[in-house]
Amino acid sequence: MHAGFAKSNITPPLGTPMIGWGQRDAAGGCTVIHDPLFVRALYLNQRTEEVLILAFDLIFIGRRDADRFKGVLGRELHLLPHQILLNASHTHAGPRSWNFFRGLTKPADEVYLEKVQAAVVQAARTAKANARPATLTAGTGTTRIPISRRRLIKGRMQSAPNPAGLVNDALPVVRLADRRNRTIALVFSISTHPVSFRGHTISADFPGAAIQELDPDHGMFLQGTCGDSRPAQLAHGDAWNWDSGWPETQAIGRQLAAEVRAVKLKPVRPQLRTDLREMFWPLDKLWTPKMLKRELALPAARRYWHNTGDEKLREWLDLEERREHCGTTPTQVPLLLQGIQLGLDLRLVALEGEVVAAHGLAMRRQFPKGVTFALGYSNGDAMYLPTSAMLPEGGYEVECHAIFGWPGRLKKGMERILAKNLRQLRIR
């Protein structure tokens, strides 16, 4: 196997619109750059197989932009979509790189995305040019950083610290080294939201802080299945610390770096394989234009969407009316599932969207041997992906489908669809 690594700066200029917190998104652009943002590229080849893994210090790479980036990389490097993985760290202290609310809010900053596209091509080219013979070592540890954010309080599922809740606490690590045992790339992953840096400040959040502690020149963080977890350090009793900043971010990064260093790595025989498939998860109980009109006619306190203002409901109504008129109302959500085998019993399994911990654990169970990176936030945005058990419980992960532009919540039974597609991935 040959491996090469590179990174390109994607830090936005001051004034660039931000995304991640509703109040801040509408209040103007960034005013401070605390630490730079990067896209990091790891290029691998073995005989006729090639792989390019891209890690972004961004909240999301939307499906349209992921497809666009893959198209450009295919033209530049002669790679196919199944050979390219795009993963976003999901930092909430980043620029507006994604069309949140699919046409119902301000779009992503296209000028900034042009900068990102150029950086992607530069990083990919450099990583390929830097490729040299490599060995692999890998292992899985445990992280104590994630804590569940779903907690039942007075009969309602709320976003609150839940130490008893389910989390994906796996910490997979792989190190690629050259013949002189110099690090080419140190890749690691945990599953929790990077939400420790507030305000109008640009930051890579704790993943960036961890990379600075471990290896600024060769570190690469891949986001796992963190749809329903936050860092435990942000828990303040039964609530969250909403005033966190760099001290908390740095503390989480340092803890993560220490946990990565504690993972025991063993030699792995390189063996590249890739696969990419699209599956479809059905929607249930669609909100039609007629239903949304009835909702708007009710007093706010009596509405099902009582936390959504009139303006947003009207925008959603307009979207569904246009869909109905064109005959394009979606009844299922397309989701990309990608598998990349790096070596014997060493693989990355990546799912599009905001994936909750339970699905990440299912991904690991399907590949119990060796080291499995169970990733979310890859190759697109999709929506929150809760489990069947979560649907009757409600909560943000279940009810935020409209934020992602879908007319209904997911239907029960998604676990069977995921399991079937996991079994069909052509990796080991």
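The values are calculated or read from the model by the stated rules, or taken from the named source; none is laboratory data. This structure is a prediction, so every number in the text was calculated from the model and none was measured. Note: ideal-geometry Cβ built from the backbone for every residue, glycine included; neighbour counts use all protein chains shown.
Structure data summary
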read-out	value
Only one of L166, L186 that is touching a residue at least 24 places away in the same chain (Cβ under 8 Å) and part of a strand (DSSP E or B)	L186
Test for A209: is it farther than 13 Å from T91 by Cα and either crowded, with 18+ Cβ neighbours inside 10 Å or modelled with pLDDT of 95 or more (or both)	no
Hits in segment 316-341 - residues which are assigned to a helix (DSSP H, G or I) and either under 30 Å from M363 (Cβ atoms) or not basic (K, R) (or both)	W316, L317, D318, L319, E320, E321, E324, H325, C326
Positions within segment 216-258 being closer than 19 Å to T143 by Cα and among the charged types (D, E, K, R), in sequence order	D228, R230, E248, R254
Among the candidates L313, L283, residue that is touching a Ser or Thr at 6+ places or on another chain (Cβ under 6 Å) and over 30 Å from L52 (Cα atoms)	L283
Qualifying positions in segment 123-163 - outside any strand (DSSP E or B) and closer than 26 Å to L86 by Cβ	A123, A124, R125, T126, A127, K128, A129, N130, A131, A134, T143, I145
Check on L313, in a helix (DSSP H, G or I) and surrounded by 14 or more Cβ atoms within 10 Å (Cβ to Cβ)	yes
For S203: the one exception among (1) surrounded by fewer than 24 Cβ atoms within 10 Å (Cβ to Cβ); (2) out of contact with any strand residue (DSSP E or B) (no Cβ under 6 Å at 6 or more places or on another chain); (3) over 23 Å from A357 (Cα atoms)	(1)
Check on E320, outside the structural domain of L171 (by TED's automatic domain parsing), of a type in the set (D, E) and over 30 Å from A3 (Cα atoms)	yes
Checklist (1) over 19 Å from the mean Cα position of the chain (by Cα); (2) surrounded by fewer than 19 Cβ atoms within 10 Å (Cβ to Cβ); (3) acidic (D, E) applied to D67, failing item	(1)
Failed condition for H193, given (1) assigned to a loop (DSSP other than H, G, I, E, B); (2) more than 30 Å from G29 (Cα to Cα)	(2)
Options A138, A164, A170, A204: the member that is over 22 Å from A362 (Cβ atoms) and of a type outside the set (S, T, N, Q)	A204
Filter result for L319 (surrounded by 13 or more Cβ atoms within 10 Å (Cβ to Cβ) and under 20 Å from the mean Cα position of the chain (by Cα))	no
